[in-house]
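Engineer: Handing you a structure now.
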Amino acid sequence: MKKQDIPQDESNLKSANMTEVVYVTDENDNYTTANSIGWEAKKLALDESLELINERIEEAKQNVANNIVSPVIYFMELNKMDFGVLSSYVGMWQWRVKRHAKPKIFKTLSETVLKKYADAFGITVEELKNFEGK
Amino acid sequence: MELNFEHHQTAHCENGVASNLLLNKGLKLSEPMIFGIGSGLFFVYLPFLKVNFAPGFSYRPMPGAIFSKAAKRLGIKIKREKFSNPKDAQSALEKNLENNVPTGLQVGVFNLTYFPEEYKFHFNAHNLVVYGKEDGKFLISDPVMDYVTSLSEEELEKVRYAKGALAPKGHMYYPVYIPENINLEEAIKKGIKDTCKNMLAPVPLIGIKAMRWVAKSIPKWAEKKGTKVTNHYLGQLIRMQEEIGTGGGGFRFIYGAFLQEAAEILKNEQLRELSKEITAIGDLWRDFAVDIARVYKNRNSKSNIYHELSKSMLHIADLEEAFYKKLRKAI
């Protein structure tokens with residue numbers, strides 16, 4: 001990429017006051033570096049991915065409200081986790097975490113187990129227990 | 001306590017940490033030099049491994065591979081340590097700081113407080129340097145940042161003990177031995193040969209063959225999984241290509257810069273030409289990303305768009321294959 005072609009599109013980097021380094025060529029075809037504040041193509045891909053995550057969070061919220069899944073699923077989605085990541089944070093097998101996703105089973109969980117989830121999500125046990133999807 | 005450490009921003013975290021740590025020891029190697037010697041150019045397709053609900057693509061080798069390979073080829077020794085207990089990890093780090101050793105860390109990105117919110121994913125192979133501690137906070141040189149930052153003890157522990165795939169487990173590393181005389185020419189040649197071998201590998205999951213597999217899959221995804229899923233997969237392809245320090249188009253340019261430097265050192269004009277060639281290929285990867293982005297923008301774009309994207313990626317794969325074959329002969 002030529003130095004003069006480097007995109008300077010406003011992007012998500014702005015929120016952290018960041019730019020990124022790109023290797024570009026100058027007028028004599030020699031390599032140098034330049035900073036960019038962002039690139040639209042990349043921003044669109046990132047936005048698409050975040051949109052998908054938000055859809056999943058919204059769906060999980062609805063499902064908690066309708067008593068289809070437990071709050072574990074909502075907070076898992078909210079923290080951009082999947083079962084694999086969550087199970088390693090709480091130190092339990094995936095099948096156990098999947099069981100705890102059922103509202104009926106979730107209601108029977110001990111404080112100790114709830115605490116593990118609450119810690120993984122960075123919330124209190126009360127917040128976890130009392131989340132009703134609203 | 002603050003060590004005498006120079007922060008330089010780089011395009012990719014692993015090369016950046018490596019080049020910043022070595023510079024601190026008096027060995028001046030550019031980011032592209034580390035990248036080239038460490039055979040950083042790569043492509044791998046892992047269709048069965050789902051990352052962020054899409055297949056795994058990567059334009060880079062396994063985390064740690066670039067620095068390890070570069071160090072081995074340069075005769076440098078790096079010490080790597082992991083700790084099962086976070087408290088041990090912290091005291092080992094503090095001991096290093098007391099001994100004037102800036103230290104590289106592998107960390108998870110999700111809890112990096114200074115990163116933009118949108119970039120926080122459960123990706124655990126980010127790299128940064130801790131170069132001091134002041135008022136209870138660790139001083140951080142994160143190579144993809146313009147400026148140095150800091151993290152509290154608690155914040156640093158969180159990122160060092162991120163869980164999930166590639167969990168860092170407190171991984172820290174630092175050079176312990178740098179030879180007086182470095183045979184740069186030999187290291188460059190080894191790096192180039194290895195890159196050609198990987199990219200031309202006769203297995204379907206890596207290199208050119210993997211690119212072709214992905215390219216041929218694009219229309220099939222559209223047929224079987226519908227546009228929404230296909231667009232998400234393609235988005236993942238761009239993000240892996242272009243997001244902070246992941247590779248792709250940007251990596252081709254770093255490699256171009258490497259070949260230009262290598263041409264001087266090896267006095268090999270052919271490498272200078274090949275540098276131009278990989279630069280042109282990098283531009284095509286960027287165009288490819290723009291074409292994918294266009295699919296998002298005009299939601300009802302023409303129906304053969306996925307075939308066209310597939311064709312462009314196959315074309316890039318052809319050009320890259322020719323490039324590595326020439327490169328292999330050039331050294």
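The values are calculated or read from the model by the stated rules, or taken from the named source; none is laboratory data. Only a predicted model underlies this, so the values are computations on that prediction, with no experimental measurement involved. When we count neighbours, we look across all protein chains shown, and the Cβ atoms used for this are built from the backbone with ideal geometry, even at glycine. Surface accessibility is based on the protein's heavy atoms, side chains included, excluding ligands, DNA and RNA. Shrake-Rupley method; radii C 1.70, N 1.55, O 1.52, S 1.80 Å.
Engineer: Inside 10 Å of the C-beta atoms of A:9-20, what's the mean count of C-beta atoms belonging to other chains?
Structural biologist: 5
Engineer: Taking 1 over the mean of 1/r across every pair of different Cα atoms in the stretch B:1-125, what Kirkwood radius in Å do you get?
Structural biologist: The Cα-based Kirkwood calculation yields 16.4 Å.
Engineer: Okay, next question. Which of rounded, prolate, oblate describes the protein assembly as shown, given a ≥ b ≥ c as roots of the alpha-carbon gyration tensor eigenvalues and a/c under 1.5 marking rounded, otherwise prolate only if a/b is larger than b/c?
Structural biologist: Here the protein assembly as shown falls in the oblate category.
Engineer: Taking R0 as 25 Å, what's the FRET efficiency between B:K137 and B:Y177 from their Cβ-Cβ distance, rounded to 0.05?
Structural biologist: 0.25
Engineer: Taking the Cα centre of each part, how many Å lie between the stretch A:70-134 and the stretch B:103-149?
Structural biologist: 27
Engineer: Here's a follow-up. Order B:K311, A:K43, most accessible first, counting only protein heavy atoms with a 1.4 angstrom probe.
Structural biologist: Largest to smallest exposure gives the sequence B:K311, A:K43.
Engineer: Classify the stretch B:190-274: rounded, prolate or oblate, from the alpha-carbon gyration tensor (a ≥ b ≥ c, eigenvalue square roots; a/c under 1.5 rounded; otherwise prolate if a/b is larger than b/c)?
Structural biologist: Prolate shape, in that a/c is at least 1.5 and a/b is the bigger ratio.
Engineer: What nm value, rounded to one decimal, do you get for the distance between A:N54 and A:N130 when each label is placed 7 Å out toward the C-beta?
Structural biologist: Those two pseudo-labels are separated by 2.8 nm.
Engineer: Something else about it: Can you tell me the convex hull volume per residue for the stretch A:24-119, based on C-alpha atoms, in Å³ to the nearest whole number?
Structural biologist: 143
Engineer: Moving to a separate point now. What's the buried accessible area, both sides, between A and B using a 1.4 Å probe, rounded to 100 Å²?
Structural biologist: Its buried surface, counting both partners, is about 3900 Å².
Engineer: With the crude spin-label approximation of a point 7 Å out along Cα→Cβ, what separation in nm comes out for B:H307 versus A:E40?
Structural biologist: 2.8
Engineer: May I pose another question? Greater than 21 Å separation of Cα atoms is the criterion. Which listed pairs, A:K134/B:K50; B:K72/B:K197; B:K79/B:K169, meet it?
Structural biologist: Check vs 21 Å cut-off fails for A:K134/B:K50.
Engineer: Related question: What's the center-to-center distance, using Cα atoms, between the stretch B:46-90 and the stretch A:19-57 in Å?
Structural biologist: Comparing the Cα centres of the stretch B:46-90 and the stretch A:19-57, I get a distance of 23 Å.
Engineer: Given the -39500 (n - 2.57) contribution per DSSP H run of 4+ residues, what per-residue ellipticity at 222 nm results for chain A, rounded to the nearest 500 deg cm²/dmol?
Structural biologist: Dividing the helical sum by the residues of chain A leaves -15500 deg cm²/dmol.
Engineer: Please work out the FRET efficiency for the pair A:W93 and A:D29, using the Cβ-Cβ distance as r and a Förster radius of 45 Å; give the result to the nearest 0.05.
Structural biologist: With R0 = 45 Å, the Cβ-Cβ based efficiency is 0.20.
Engineer: Would you calculate a helix-derived [θ] at 222 nm for chain B, using -39,500 (n - 2.57) for each DSSP H run of n ≥ 4 and dividing by the full residue count, to the nearest 500?
Structural biologist: Roughly -18000 deg cm²/dmol at 222 nm, from the helical runs in chain B.
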